[in-house]
Amino acid sequence: MIVFDKVWFSYGTREILKDISFSINPDERVVILGESGEGKTTILKLILGLIRPDAGKIIIDGEDIINKTEHELREARMKFSIVFQEGALFDSLNVKENVAFCLREYSKMSEEEIDQRVRELLRIVGIENAMELMPEELSGGMHRRVAIARSLAACEPKMFLYDEPTSGLDPVNAENICRLILDLSKNGKGFIVVTHKIYDAIKVANRFIFLKDGMTIFDGDRDELVHAAIPDIQIFIKELSLNPG
Ligand SMILES: Nc1ncnc2c1ncn2[C@@H]1O[C@H](COP(=O)(O)OP(=O)(O)O)[C@@H](O)[C@H]1O
Ligand SMILES: [Mg+2]
């Protein structure tokens with residue numbers, strides 16, 4: 001379980017998050033919505049202990065991560081599979097090496113085991129034929145799939161974190177990535193997607209947390225979201241009627 005308890009965070013003098021509280025169970029399918037610059041990526045970084053809050057507690061599986069050492073944080077991070085914004089890959093490595101990178105780094109697998117595991121991961125994300133391709137040869141959707149495969153290689157995650165997983169993708173690829181996100185969460189492993197794209201958010205999540213001016217102005221299910229009498233949310237919801245499907 002991830003608990004944010006009255007979390008405050010600022011970059012310099014600029015307050016980004018103001019008194020944010022929520023609890024998320026590992027089997028939940030959550031989207032954190034908000035405009036660009038609202039602090040969505042910041043929340044993921046806080047969960048991973050990459051940055052520390054100015055005030056408040058961040059409790060993961062009952063343990064406050066704020067005073068953990070870098071070594072302890074590494075262990076805590078293994079609970080999550082994380083796909084960063086744009087799913088950055090190493091340009092100079094082919095798909096296989098991009099996915100194998102973490103296996104080489106963190107495990108003692110033989111070359112043959114690595115090969116098998118990479119194949120398996122690429123099969124899971126639906127691009128087993130792309131092993132030898134270089135990142136520049138991949139379409140946007142394939143690129144994102146490799147990033148997801150690579151995040152799966154890192155560990156046996158309890159939960160998935162995705163930062164803007166569909167940004168920059170055409171609608172068909174965005175739809176496919178949404179489907180993959182749902183497929184991967186089928187055995188009770190939940191996810192947190194942060195995005196500004198409500199059209200994709202609504203397809204994958206059953207809980208929505210809405211950030212505005214550094215605060216959570218909404219936390220509820222789909223029905224509550226669609227009927228929320230909050231002007232900032234209604235602007236977002238309008239996008240749904242413009243994108244029927
Ligand atoms: N390392 C940093 N130093 C200073 N400001 C930053 C840094 N990272 C992000 N910011 C600013 O903090 C705000 C929140 O950033 P971010 O969490 O990336 O927003 P989002 O992911 O919602 O677009 C943005 O205005 C951004 O410009
Ligand atoms: Mg961001």
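The values are calculated or read from the model by the stated rules, or taken from the named source; none is laboratory data. The model shown is predicted, which means the values in this text are computed figures rather than measured ones. We place every Cβ from the backbone using ideal geometry, glycine too, and count neighbours over all the protein chains shown.
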**Request:** Could you please give the count of residues in segment 153-190 that are within 16 Å of ligand 2 (Cβ to nearest atom) and not acidic (Asp, Glu)?
**Result:** 7
**Prompt:** Can you find a residue in segment 50-65 that is touching a residue at least 60 places away in the same chain (Cβ under 8 Å), away from ligand 2 (no atom under 16 Å from the Cβ) and farther than 19 Å from LYS212 by Cβ?
**Reply:** yes
**Complete:** Of those in segment 57-83 that are assigned to a strand (DSSP E or B) and more than 16 Å from ligand 1 (Cβ to nearest atom), the residue nearest to TYR162 (Cα to Cα) is SER81
**Message:** If I ask for residues that are free of Cβ contacts under 8 Å to residues at least 12 places away in the same chain, within 13 Å of ligand 2 (Cβ to nearest atom) and assigned to a loop (DSSP other than H, G, I, E, B), which ones from segment 4-49 would you list?
**Reply:** GLY37
**Prompt:** Picking from PHE218, PHE210, which residue would you name as being more than 21 Å from SER139 (Cβ to Cβ), buried (at least 21 other Cβ atoms within 10 Å of the Cβ) and of a type outside the set (Val, Ile, Thr)?
**Reply:** PHE210
**Message:** I need the full set of residues from segment 93-114 which are assigned to a helix (DSSP H, G or I) and within 24 Å of ILE181 (Cα to Cα), in order please.
**Reply:** VAL95, LYS96, GLU97, ASN98, VAL99, ALA100, PHE101, CYS102, LEU103, ILE114
**Fill in**
When segment 19-37 is checked residue by residue, the ones that are of a type in the set (Gly, Ala, Ser) and within 16 Å of ligand 1 (Cβ to nearest atom) are GLY34, SER36, GLY37
**Message:** Going by what's in this entry, would ARG74 be described as exposed (fewer than 15 other Cβ atoms within 10 Å of the Cβ) and within 16 Å of ligand 2 (Cβ to nearest atom)?
**Reply:** no
**Request:** Would you point out which residue out of GLU175, GLU239, GLU156 is away from ligand 1 (no atom under 16 Å from the Cβ), modelled with pLDDT under 90 and over 30 Å from SER107 (Cβ atoms)?
**Result:** GLU239
**Prompt:** Would a scan of segment 230-239 turn up a residue that is of a type in the set (S, T, N, Q) and touching a residue at least 40 places away in the same chain (Cβ under 8 Å)?
**Reply:** no
**Message:** Whether any residue in segment 91-106 is within 16 Å of ligand 1 (Cβ to nearest atom) and either in contact with a helix residue (DSSP H, G or I) (Cβ under 9 Å, 6 or more places away or on another chain) or polar (S, T, N, Q) (or both) is what I want to check.
**Reply:** no
**Asked** Is there any pair linking a residue in segment 193-208 that is at negative phi to one that is of a type in the set (Phe, Trp, Tyr), with Cβ under 7 Å and at least six apart or on different chains, and which?
**Response** VAL193/TYR162; ILE198/PHE236; ALA201/PHE208; PHE208/PHE218
**Request:** Give the residues of segment 204-221 that are in contact with a Leu (Cβ under 6 Å, 6 or more places away or on another chain) and in a strand (DSSP E or B), sorted by residue number.
**Result:** PHE208, PHE210
